[in-house]
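The values are calculated or read from the model by the stated rules, or taken from the named source; none is laboratory data. As the structure is a prediction and not an experimental result, all values here were calculated from the model. Cβ sites come from the backbone with ideal geometry, for glycine too, and all protein chains shown count toward neighbours.
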Amino acid sequence: MADLSLALEGTIYSKEDLSLIDPIFMPCHVAITMDGNRRWAKKRKKSIGFGYRQGAEQLEIIVRASVELGIKALTVYAFSTENWKRAKQEVEMLMNLLEMYLSNKREVLRREGVCVHTIGDLSRLPINLQKQLAEINHVTQNGDQIDLILALNYGGRDELRRAILKICEAVQKEQLQWSEITEQTISSYLDTARWPDPELLIRSSGERRVSNFLIWQSSYSEIVVLDTLWPDFSPKDLLQAVVKYQWRQRRFGG
């Protein structure tokens, strides 16, 4: 599988590819549920860890492809609040993989103008991983090509719970009045407050559910489901999803 450092040396998309889309109507914020790593590995009689490692490599390429398309923010569902229910050995392997990924790719991401952020409750993550996340956020803070937002120990319902607690605390401290609470107020207390809601939500592997991902923010997102398992998810798949998005006429209840 291609490495990002190699992909960066050339152009991912051809002129013919780019002619399929209208740059004026590109989604600014795209969210992806990176699903299918385990199934991909099992189909090839490989370890689950091998599947996740291939998925991590693919994320690098999709970040670069997103930059070429002009996407400004990419949020990926990396580890959900429900993923803790998986076998202890698998969870530990995922935490180690995340830590290694952040350590190994930090400089490449910085060089390419990728600004790394996180959403979710990081307090439950291993201390070493929390340190790596803080470090990569600091090192890449000046990235101006794309925001890469890693959803870690993230769940849409938990995010709303945490936002409600913060709103209640603000009311208690008389920093906010109950009458002032609007949809915009709630959005401002969410993990994603600094970004617009995603216009496009992509799910790989053919599963047709939201799975507790950005449930407030995706209320009016266009959802594209592709059968491709995440480790096989290519720039062409991303392009296909964007083309499908642009074919649709977005409606907001009207």
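One table, with the values for the structure above:
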{"quantity": "Segment 53-75 - residue that is surrounded by fewer than 23 Cβ atoms within 10 Å (Cβ to Cβ) and either part of a loop (DSSP other than H, G, I, E, B) or of a type in the set (F, W, Y) (or both) and, of those, modelled with the lowest pLDDT", "calculated": "G70"}
{"quantity": "Criterion violated by I24 - all others in (1) touching a helix residue (DSSP H, G or I) at 6+ places or on another chain (Cβ under 6 Å); (2) free of Cβ contacts under 8 Å to residues at least 12 places away in the same chain satisfied", "calculated": "(1)"}
{"quantity": "Segment 166-209 - residue that is touching a helix residue (DSSP H, G or I) at 6+ places or on another chain (Cβ under 8 Å) and outside any loop (DSSP other than H, G, I, E, B) and, of those, nearest to S234 (Cα to Cα)", "calculated": "I202"}
{"quantity": "Members of segment 14-52 that are at pLDDT below 95, in contact with a Pro (Cβ under 8 Å, 6 or more places away or on another chain) and part of a loop (DSSP other than H, G, I, E, B)", "calculated": "G36"}
{"quantity": "Residue within segment 220-229 that is touching a helix residue (DSSP H, G or I) at 6+ places or on another chain (Cβ under 7 Å) and among the polar types (S, T, N, Q) present", "calculated": "yes"}
{"quantity": "Output for segment 172-226, where each listed residue is small (G, A, S) and either closer than 16 Å to R162 by Cα or surrounded by fewer than 17 Cβ atoms within 10 Å (Cβ to Cβ) (or both)", "calculated": "S179, S187, S188, A193, G206, S211, S219"}
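Listed here are the residues, each with its yes/no results for (1) over 21 Å from G55 (Cα atoms); (2) of a type outside the set (K, R); (3) exposed (fewer than 15 other Cβ atoms within 10 Å of the Cβ); (4) at pLDDT 95 or above.
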| residue | (1), (2), (3), (4) |
| --- | --- |
| A78 | no, yes, no, yes |
| N83 | no, yes, no, yes |
| Y101 | no, yes, no, no |
| I127 | yes, yes, yes, yes |
| K131 | yes, no, yes, yes |
